[in-house]
1. Dipole magnitude of the range 1-81 about its Cα centre, charges +1 at Lys/Arg Cβ and -1 at Asp/Glu Cβ only, in debye to the nearest 20?
2. Which aspartates and glutamates have a Cα less than 13 Å from the Cα of Lys421, not counting those fewer than 8 places away in the same chain?
3. Using DSSP to define loop residues, name the GluC sites (Glu not before Pro) in the range 204-252 whose beta-carbon has at most 14 other beta-carbon atoms within 10 Å.
4. Which percentage, to the nearest 5, of the DSSP beta bridges contained in the chain is antiparallel?
5. When Lys and Arg each count +1 and Asp and Glu each count -1, what net charge do the other residues less than 15 Å away from Tyr114, Cβ to Cβ, add up to?
6. Please list the non-local residues whose amide H lies under 5 Å from the amide H of Cys71, H modeled 1.01 Å from N, same-chain partners needing a gap of 5 or more.
7. Placing unit charges on C-beta atoms (Lys and Arg positive, Asp and Glu negative, everything else neutral), compute the dipole magnitude of the chain about its Cα centre in debye, rounded to 20.
8. For the range 429-468, how big is Rg over Rh, using alpha carbon atoms and the Kirkwood form of Rh?
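Every number here is computed from the coordinates shown, using simple stated rules; none is lab data. Remember, predicted model here, so these are calculated numbers, not experimental data. Please note: Cβ atoms are built from the backbone with ideal geometry, for glycine as well, and neighbour counts cover all protein chains shown.
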Amino acid sequence: MAGDYDLVVVANRLPVDRVEGPDGTPSWRRSPGGLVTALEPVMQREDGAWIGWAGTPGEPPEPFDAEGVHCVGIGLSAEEVEDYYEGFSNGTLWPLYHDVIVAPNYHRRWWEAYVRVNERFAQAAAEQAARGATVWVQDYQLQLVPRMLRRRRPDLRIGFFNHIPFPPFEIFAQLPWRGAILDGLLGADLVGFQRPADASNFLRACRRAMALPARRGVVRLPDEGDRQVRAASFPISIDAVALDELARRPEVQERAQEIRRDLGDPQYVLLGVDRLDYTKGILHRLKSFEELLADGRVQVGEAVLVQVATPSRERVDQYVQLRQDVEVTVGRINGTYAEIGKAAVHYLHHSYGREEMAALFLAADVMLVTSLRDGMNLVAKEYVASRYDEKGVLVLSEFTGAADELGQAVMVNPHDIDGLKDAVIRALHMPAREAGRRMRAMRRRVREHDVQRWAASFLEALDGLGDQAGTAIDL
Ligand code: GDG
């Protein structure tokens with residue numbers, strides 16, 4: 001049952017969205033989002049296959065080529081979208097893996113759908129992968145796929161990368177299916193995480209829940225002839241050169257100036273760009289800005305906050321609630337502090353093109369990344385990569401993976417509202433020389449550790465060629 005592809009990526013979503021032209025003709029357009037941004041350049045170079053859901057319930061599309069990638073769609077029924085995707089992935093695993101910021105829901109029906117859908121992805125991967133191929137499984141929606149795939153195709157080299165945090169055992173232990181999840185992941189040869197702390201949480205879970213020997217970044221499986229599974233960190237990144245080039249384009253610079261003019265030429269533009277998700281700390285950010293206005297430490301007209309909140313998971317209860325809370329808060333802040341022609345907060349519940357995002361980054365004096373927990377946070381790296389002018393200040397939550405790498409940012413604990421307020425003021429008033437020095441250091445880091453390097457180091461480690469790639473965990 002071998003297919004044709006030497007590199008197969010398995011992810012919840014295909015890297016493209018179906019769009020219909022005015023006459024109803026369908027076509028595929030590259031979709032926004034962390035994973036696509038990260039993997040597309042690698043896939044184009046390797047001429048690989050990508051297995052994923054097309055994003056709408058019903059029959060999958062016929063396999064097709066788009067953006068230089070062979071795409072194989074997985075069909076999900078409306079019920080499976082509810083139970084596997086909105087339910088188990090985003091109502092159970094997502095909150096559990098992000099420090100239980102909201103309470104995870106445990107439903108056996110959701111779990112059964114998760115198992116069934118993971119089998120479907122594993123089957124499709126088994127059919128596409130050539131003999132001895134490398135299969136790279138992505139993220140928390142597909143944690144059972146490595147084991148299911150190994151059962152079907154023991155000839156494959158299987159890697160798994162977790163884009164979100166892996167929680168401490170004390171939290172992970174809540175999951176009624178914790179053993180099955182760990183067993184699923186242990187079907188891989190290499191399990192990659194964003195931060196060393198995530199890898200060590202995983203190793204500890206293997207020891208505690210499975211009683212497996214897990215030392216020095218390696219889990220040994222006595223029941224499988226002492227097969228070894230390696231766990232290590234591979235911090236994801238962005239295509240830094242492409243973003244730098246985009247930001248340097250004259251039309252993007254002009255657009256950045258136009259944005260500032262349209263905002264009323266304030267002295268300070270603060271920016272937040274996030275999926276509308278409770279992990280991103282948007283309410284904490286708004287609260288601190290509101291208090292700064294109330295305290296008179298910033299004035300309307302002098303400073304403006306632009307908050308892009310990309311629509312996300314709109315049918316999951318907690319996201320409906322979050323949207324309401326954010327919109328009430330923004331309404332209250334503007335109602336209290338705005339004047340005619342001078343908003344305090346510009347709240348934009350839209351998705352934008354890459355050029356507009358780059359222009360927004362260039363227009364922003366201060367970028368606010370205040371996640372309560374975030375696997376990496378690519379937006380922080382994108383801000384840095386687009387500031388070819390070495391201006392601008394990044395305020396960054398210490399609870400992001402990015403904080404491990406971007407030590408020159410102004411670090412914050414977003415739960416500490418007074419600390420966050422002081423950090424914002426410090427960022428607004430930072431002397432240009434200091435801001436430039438910090439930005440240069442962060443730009444160097446992002447340029448040298450870009451997404452190409454991330455993918456290469458993971459794949460090399462998986463090939464067994466790059467034993468030094470990634471950071472082995474010594475517990
Ligand atoms: C998960 C993890 C990890 C957002 N809105 C628009 C848009 N975006 C792009 C951003 C960025 C990406 O989407 C979001 O990535 P993040 O890393 O910030 O966050 P998650 O979506 O939560 O991603 C995260 C990531 O996976 C990768 O491993 O870093 O921790 O949670 O690239 O720019 N892009 C465009 N229009 C938008 O409106 N064009």
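1. 280
2. Within the straight-line cut-off, Lys421 pairs with Glu290, Glu291, Asp295.
3. Taking the range 204-252 and a limit of 14 other Cβ atoms within 10 Å, no loop GluC sites (Glu not before Pro) are found.
4. 25
5. -3
6. Correct list: Trp50, Phe64, Asp65, Ala66.
7. Working: 57 positive and 69 negative charges, 250 e Å.
Rounded to the nearest 20 debye, it is 1200 debye.
8. When Rh is taken as the Kirkwood radius, the ratio is 1.31.
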